[in-house]
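Structure first, then comments.
All of the numbers you see were taken from the coordinates with simple rules; none came from a lab. The structure presented is a predicted model; accordingly, all values stated were derived computationally and were not measured. Cβ sites come from the backbone with ideal geometry, for glycine too, and all protein chains shown count toward neighbours.
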């Protein structure tokens, strides 16, 4: 009896690699070669900054304007429906399943 494991694994691996090559991974807006449409002004609540190096890092937006300037602003994460946030600075409660939603947000599943 022939096994299909090797061809299936090869196919799945190819699909995953193609997805990554097609831009499936997360990138910061304004990366070199980024073909995204650029904004003309900063969005409400964001601030204009001198360059990309001044962008906020933790759960924040960072994007380049058509003028060449940059904008940044907080974007706070939220736990999905059915889960709850672990208070900042605390570890995942014993016996619970936790997952990271962002750099500063851990959620308890269910």
Nearest-0.05 FRET efficiency for residue 57 and residue 96 at R0 = 41 Å, using Cβ-Cβ distance, is 0.90
Distance in nm between pseudo-label sites at residue 84 and residue 108 (7 Å out along the Cβ direction from Cα): 0.5 nm
Estimated D of the stretch 59-106 in µm² per second, where Rh is the Kirkwood radius over Cα pairs and Stokes-Einstein applies at 37 °C, 0.692 mPa s: 253 µm²/s
